[in-house]
Amino acid sequence: MKIFETQMKGLIEKLNHYEEDLEDAARVIAQSMVSDGRIFWHGEEEMAGIVSQACFGADKFKNSSVADDQTIFSPMDTLIIASPTLSVTQVKRLIEKASDASASVITIYSHHNDGQDGGDFSFCTGVKGGLVPMESGERIGTPHLLVALQLYYHLYFAVMEMLEEHEMLE
């Protein structure tokens, strides 16, 4: 567990270089929330846990919905995708569909496989594989969701702060 925690701290510290981009992405989300836009979430594999948090959790984004192939986007909407890779067919389709509708696209991913465009804002978790070496040589403890949730909370806290400031201005 100590090895895992040490490696996690390193991954989380690397997220600090996204600070400005996270603020800009949070601003886009907040703009959608205050301007009749909608917030859509899509998750692949274990990173689908972000969708549960964003739509149904204690710290959820209001008026969030799950995005699927039937979703119709508008220019006021924001789509947030969390996936270990952006090369998943459904991820590619959703990014293209949202981009074609001029909706904002934010991606949280672990690795690019094919140079796929990640949308307006892309955040890489840095998780390439297991963090803890075993005696057999295998590495276990691959925290795709855990690091993605750290990014989620960066966005969440920034958006909540922006919305609070917006309400104070009204």
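The values are calculated or read from the model by the stated rules, or taken from the named source; none is laboratory data. Quick caveat: nothing in here was measured; it's all calculated off a predicted structure. Please note: Cβ atoms are built from the backbone with ideal geometry, for glycine as well, and neighbour counts cover all protein chains shown.
Restricting attention to the stretch 117-132, the residues that are more than 14 Å from the chain's Cα centre (by Cα) and small (Gly, Ala, Ser) total 2. The residues of the stretch 119-139 that are touching a helix residue (DSSP H, G or I) at 6+ places or on another chain (Cβ under 9 Å) and among the aliphatic types (A, V, I, L, M), listed by number, are Val127, Leu131, Val132.
On inspection, Glu135 does not qualify as outside any loop (DSSP other than H, G, I, E, B) and without any contact (Cβ under 8 Å) to a residue 24 or more places away in the chain. Looking across Ala103, Ala58, Ala48, Ala82, one residue alone is farther than 23 Å from Met8 by Cβ and not hydroxyl-bearing (Ser, Thr, Tyr). It is Ala103. Considering every residue within the stretch 119-132, establish whether at least one is modelled with pLDDT under 95, surrounded by 15 or more Cβ atoms within 10 Å (Cβ to Cβ), closer than 20 Å to Leu79 by Cβ and touching a Lys or Arg at 6+ places or on another chain (Cβ under 7 Å). No, that holds for no residue.
In the stretch 1-83, counting only helices (runs of 4 or more DSSP H) that sit wholly within it, the ones holding 2 or more residues that are more than 23 Å from His111 (Cα to Cα) and of a type in the set (Val, Ile, Thr) span 19-34. All conditions but one from (1) in contact with a Leu (Cβ under 9 Å, 6 or more places away or on another chain); (2) modelled with pLDDT of 95 or more; (3) in a helix (DSSP H, G or I) apply to Lys92; the one that does not is (2).
Table: residues versus (1) over 29 Å from Gly130 (Cβ atoms); (2) loosely packed, with under 15 Cβ neighbours inside 10 Å.
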{"site": "Lys2", "(1), (2)": "no, yes"}
{"site": "Ile12", "(1), (2)": "no, no"}
{"site": "Ile29", "(1), (2)": "yes, no"}
{"site": "Gly49", "(1), (2)": "no, no"}
{"site": "Ser52", "(1), (2)": "no, yes"}
{"site": "Ala67", "(1), (2)": "yes, no"}
{"site": "Ala103", "(1), (2)": "yes, no"}
{"site": "Ile106", "(1), (2)": "no, no"}
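Entry remark, the stretch 138-162: residues being touching a strand residue (DSSP E or B) at 6+ places or on another chain (Cβ under 7 Å), in a helix (DSSP H, G or I) and not aliphatic (A, V, I, L, M) number 1 in total.
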